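As structure tokens, the structure follows; a few thoughts come after it.
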Amino acid sequence: MRNFLPSIFENPLSAILPAVPYAKEKKVDCHGVAIEAENLACSAQPGFPLAFRDVNFSIPCGCRAALIGPNGSGKSTLLRTLAGLNPLTKGTVNLLGVAPQFGRSRIAYLAQRPQLTPFFPLQLRRCVQMGTYAHHGWFEECHHGEAAIDKALDLLDLKELADRPVHQLSGGQLQRTLLARATVQGAEILLLDEPFAALDTRSREIVESFLFHSQNSFTVLMATHDPAELKRFDCILELNHGTLKTLHACAGHPHRHD
């Protein structure tokens with residue numbers, strides 16, 4: 001179905017568009033493990049060498065987890081695999097108790113450098129509204145969500161930019177827009193590929209407040225290169241030389257973010 005989506009964004013299209021659910025999901029609140037991988041092996045693209053093998057980890061619901069490792073270690077590949085965008089070579093992945101393709105409205109993935117088709121006439125507010133498509137589909141008329149959109153714009157300090165075309169946004173403004181869209185979507189798991197890389201100081205403060213506020217119950221797995229940031233995370237996973245190890249595990253609730 002993804003091949004029939006409108007060409008709003010250049011590849012990877014799935015990096016910022018909400019996935020279209022294959023079927024209505026039975027939503028069950030997360031009280032245990034949010035993300036679980038067993039004996040996972042995957043390559044960046046079919047036919048490429050394995051980026052990692054025999055990866056095993058679990059992340060509890062509500063945990064903020066950092067994914068670290070040198071460039072080329074497979075962090076982006078792992079995030080895309082967890083999002084259901086890369087096929088597995090071996091092993092299993094479960095998010096909120098199901099395979100990624102069966103829980104897509106509950107998962108939001110943000111690529112490190114989402115690319116926009118130049119001058120496509122899409123306003124910031126409508127980009128955020130796309131978060132509702134994960135629930136009612138692309139071809140159903142939406143009769144709800146405006147209050148949720150307003151709340152998300154306020155939360156990410158975007159209300160004054162609501163009418164701006166997305167191709168005129170800065171990198172930081174775009175990242176905040178995509179997080180606002182994930183909020184409207186009601187995503188319970190955020191898979192983020194170095195979201196701070198393009199942020200100025202103000203945007204970083206806003207995004208940090210959003211991601212680490214104790215009132216936000218979502219689970220976060222975020223690739224990062226910033227050692228100073230690691231102290232804020234509940235869990236640290238290191239991917240290097242094709243293997244993954246847990247440097248610091250989530251100790252349970254309540255977590256350390258505030």
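Data for the structure
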quantity: T177, sole failed condition from (1) modelled with pLDDT under 90; (2) in contact with a helix residue (DSSP H, G or I) (Cβ under 6 Å, 6 or more places away or on another chain); (3) not charged (D, E, K, R); calculated: (1)
quantity: Region 63-99, residues that are of a type in the set (K, R) and over 22 Å from F212 (Cβ atoms); calculated: R80, K90
quantity: Residue match in region 58-74 (condition: β-branched (V, I, T), out of contact with any helix residue (DSSP H, G or I) (no Cβ under 7 Å at 6 or more places or on another chain) and open to solvent by 30 Å² or more (accessible area, probe 1.4 Å)); calculated: no
quantity: Residue that is most open to solvent (accessible area, probe 1.4 Å) [pool: residues in region 212-223 that are touching a helix residue (DSSP H, G or I) at 6+ places or on another chain (Cβ under 8 Å) and closer than 11 Å to R64 by Cβ]; calculated: N216
quantity: P195 under 30 Å from A41 (Cβ atoms) and either of a type in the set (G, A, S) or loosely packed, with under 15 Cβ neighbours inside 10 Å (or both); calculated: no
quantity: Residue match in region 110-126 (condition: open to solvent by less than 20 Å² (accessible area, probe 1.4 Å), under 16 Å from the mean Cα position of the chain (by Cα) and under 14 Å from L191 (Cβ atoms)); calculated: yes
quantity: Residue match in region 167-190 (condition: surrounded by fewer than 18 Cβ atoms within 10 Å (Cβ to Cβ), acidic (D, E) and in contact (Cβ under 8 Å) with a residue 12 or more places away in the chain); calculated: no
quantity: Which numbered condition L153 fails, given (1) at pLDDT 90 or above; (2) more than 30 Å from A228 (Cα to Cα); (3) in contact with a helix residue (DSSP H, G or I) (Cβ under 7 Å, 6 or more places away or on another chain); calculated: (2)
quantity: Breaking point among (1) buried (at least 17 other Cβ atoms within 10 Å of the Cβ); (2) of a type in the set (A, V, I, L, M); (3) within 27 Å of L96 (Cβ to Cβ); (4) touching a residue at least 40 places away in the same chain (Cβ under 8 Å), for L230; calculated: (1)
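Here is a yes/no grid of residues against (1) touching a Cys at 6+ places or on another chain (Cβ under 9 Å); (2) at pLDDT 95 or above; (3) in a strand (DSSP E or B):
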| site | (1), (2), (3) |
| --- | --- |
| E25 | no, no, no |
| D29 | yes, no, no |
| G47 | no, no, no |
| R53 | yes, no, yes |
| P70 | no, no, no |
| L78 | yes, yes, no |
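The values are calculated or read from the model by the stated rules, or taken from the named source; none is laboratory data. Quick caveat, the model's predicted, so the values are computed rather than measured. Because the Cβ atoms are built from the backbone with ideal geometry, glycine has one as well, and the counts that use them run over all protein chains shown. Calculation scope for accessible area: heavy atoms of the full protein, side chains included, ligands and nucleic acids excluded. Shrake-Rupley method; radii C 1.70, N 1.55, O 1.52, S 1.80 Å.
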